[in-house]
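Since every read-out is calculated from the coordinates, none of them should be taken as a lab result. All of these numbers come straight from a predicted model, not from anything done at the bench. In this analysis, Cβ positions are derived from the backbone assuming ideal geometry, glycine residues included, and neighbour counts consider all displayed protein chains.
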Amino acid sequence: MPKLRIGLVGCGFHADAHVAGLLGTRETIDVTAVCDIDQGRAEQRASELDTPNVFTDYEQMLATANIDAVLLCLPHLIHAPATIAAARAGKHVLVEKPIATTLEDADAMITSAEAADVTFMVAHNQRFLPAHQRIKQLLDDGSIGSVECARADHNQDFRPPEGHWILDASAAGGGAFIGYGVHRIDLLRWYVGEVAEIAHFQRGRNERFGGESTSVTILKFESGAIGEITINWVVRDPPWMDMIYLYGEKGSIHNIGGLHVVGESGSTQVETPVRDPFTLQLEHFAESVMNRTEPLTNGRDARRTLEVCLAGYRSAETGRVIRLG
């Protein structure tokens with residue numbers, strides 16, 4: 001089977017994990033070009049990925065490079081124009097999350113990909129963590145019955161490089177909630193279903209960030225289940241980074257100190273394989289392109305995650321519970 005030829009666009013620190021994933025998928029993916037406005041940074045990534053083709057303008061790369069697809073690791077604000085340009089050039093697209101910063105941009109990206117008949121996938125990589133996939137399997141198997149209450153928190157002492165675009169709320173579309181909360185929203189949508197109502201509270205009193213550094217979100221799902229998401233980017237020595245706790249009719253699932261299923265007979269630890277989610281995500285993207293199948297984290301699904309996130313921001317601005325749909 002021929003390899004999928006990918007061009008990497010955006011070579012900053014947000015590309016680190018993707019580069020590791022690309023190096024782990026060399027049997028199915030060939031990185032044939034890299035692009036960054038900083039030529040030195042692009043050349044460094046080209047060296048890591050063993051490709052001689054370096055660009056500082058993605059439009060030029062799209063027009064001249066020998067690529068089938070692009071992996072976009074760009075500021076959130078640029079996701080839309082870069083995706084639309086790639087689709088119009090006939091290239092398949094894997095773009096970092098969130099899909100965009102507005103629903104209008106997300107719709108334009110989806111429409112462009114569909115018009116060009118190219119695969120469009122958003123890098124909600126946490127769905128590809130083996131432990132998270134095992135949780136989904138346990139839920140689908142009815143291990144704890146229907147979910148009644150769900151919690152998904154994130155704690156981190158996040159220190160991006162000084163002057164990085166993610167510190168600029170206009171480039172990022174906000175702060176910690178759109179920067180990482182979309183991961184938690186996406187997982188809970190996957191596990192519990194669509195969100196019906198949202199109440200969101202946030203604080204931004206840390207000089208590091210242009211947007212909010214902490215947030216707490218209350219969700220009500222269409223199923224009637226309720227949920228909570230706490231995002232904190234200024235925690236020193238957190239007891240955990242990403243915590244998931246799902247309470248069901250017959251038991252619960254949590255990932256504190258390993259993956260556990262708790263029922264009437266007690267707690268059972270569930271073993272999961274150790275594999276890099278970025279590698280698995282890229283393999284899924286390549287398979288979707290080659291087999292012409294819909295990716296798990298396709299554009300329309302990622303739009304729904306963004307819709308919940310933006311509704312949260314409206315809740316914080318208005319002090320009201322926002323109803324979706």
Inset, instruction - Among (i) 32, 23, 19; (ii) 36, 25, 19; (iii) 33, 24, 16, find the value of semi-axes √(5λ) of the Cα gyration tensor in Å that was calculated from the structure presented, and write down its label. - result: (i)
Inset, instruction - Mind running the shape call on the range 142-242? Use the C-alpha gyration tensor, a ≥ b ≥ c as the square roots of the eigenvalues: rounded below 1.5 for a/c, prolate if a/b tops b/c, oblate otherwise. - result: prolate
Inset, instruction - Over the range 227-297, calculate the relative contact order: mean separation of alpha carbon pairs under 8 Å at least 6 apart, over the residue count, as a percent. - result: 13
Inset, instruction - Using only the Cα atoms of the range 178-325, build the gyration tensor, take square roots of its eigenvalues as a ≥ b ≥ c, and label the shape rounded, prolate or oblate: rounded if a/c is under 1.5, else prolate if a/b is larger than b/c, else oblate. - result: rounded
Inset, instruction - Give the calculated FRET efficiency between VAL321 and GLN156 to the nearest 0.05, with a Förster radius of 22 Å applied to their Cβ-Cβ distance. - result: 0.20
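Relative to the present Cα-Cα distance, how much length would full extension add between VAL235 and ILE37 at 0.36 nm per residue of separation? Before the final figure, lay out each step's value.
On the way: separation 198, 0.36 × 198 = 71.28 nm, distance 3.25 nm.
Length gained between VAL235 and ILE37: 68.0 nm.
Could you tell me which trypsin sites (Lys or Arg not before Pro) in the range 285-325 are loop residues by DSSP with no more than 16 other beta carbons within 10 angstrom of their beta carbon? The partial results should precede the final answer.
Values: sites: ARG292, ARG300, ARG303, ARG304, ARG314, ARG320, ARG323; in loops: ARG292, ARG320.
When the trypsin sites (Lys or Arg not before Pro) of the range 285-325 are filtered for loop state and at most 16 Cβ neighbours within 10 Å, ARG292, ARG320 remain.
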Legend entry - Euclidean distance between Cα centres, the range 48-115 to the range 22-43, Å: 14
Inset, instruction - Could you work out which residue, out of ILE37, ILE178, ILE110, moves most in a Gaussian network model of the chain, that is, has the largest mean-square fluctuation with Cα springs under 10 Å? - result: ILE37
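Express as a percent, rounded to the nearest 5, the fraction of DSSP beta bridges in the chain (both residues included) that run antiparallel.
Working: 37 of 64 bridges.
Taking every DSSP beta bridge within the chain, about 60 percent pair in antiparallel fashion.
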Legend entry - Centroid-to-centroid separation of the range 244-285 and the range 196-231 [C-alpha atoms, Å]: 23
Inset, instruction - Calculate for the chain the 222 nm mean residue ellipticity that helices alone would give, adding -39,500 (n - 2.57) per DSSP H run of length 4 or more and normalising by residue count, nearest 500 deg cm²/dmol. - result: -10500 deg cm²/dmol
Inset, instruction - Could you grab the Rg to Rh ratio for the range 1-130? Cα atoms only, Kirkwood for Rh. - result: 0.94
Inset, instruction - Filter the DSSP H helices in the chain by two things, a Kyte-Doolittle mean of at least -1.0 and an axial alpha-carbon span of 27 angstrom or more, and list the hits by number. - result: 299-318
Legend entry - Assigned charges on the beta-carbon of Lys, Arg, Asp, Glu; the range 20-60 dipole about Cα centre (debye): 120
Inset, instruction - Counting only GluC sites (Glu not before Pro) that are in a DSSP loop and have at most 15 other C-beta atoms within 10 Å, tell me the longest site-free stretch of the chain. - result: 28-161
Inset, instruction - Could you tell me whether the range 237-323 comes out rounded, prolate or oblate from its Cα gyration tensor? Rule is a ≥ b ≥ c as square roots of the eigenvalues, rounded for a/c under 1.5, then prolate if a/b exceeds b/c, otherwise oblate. - result: oblate
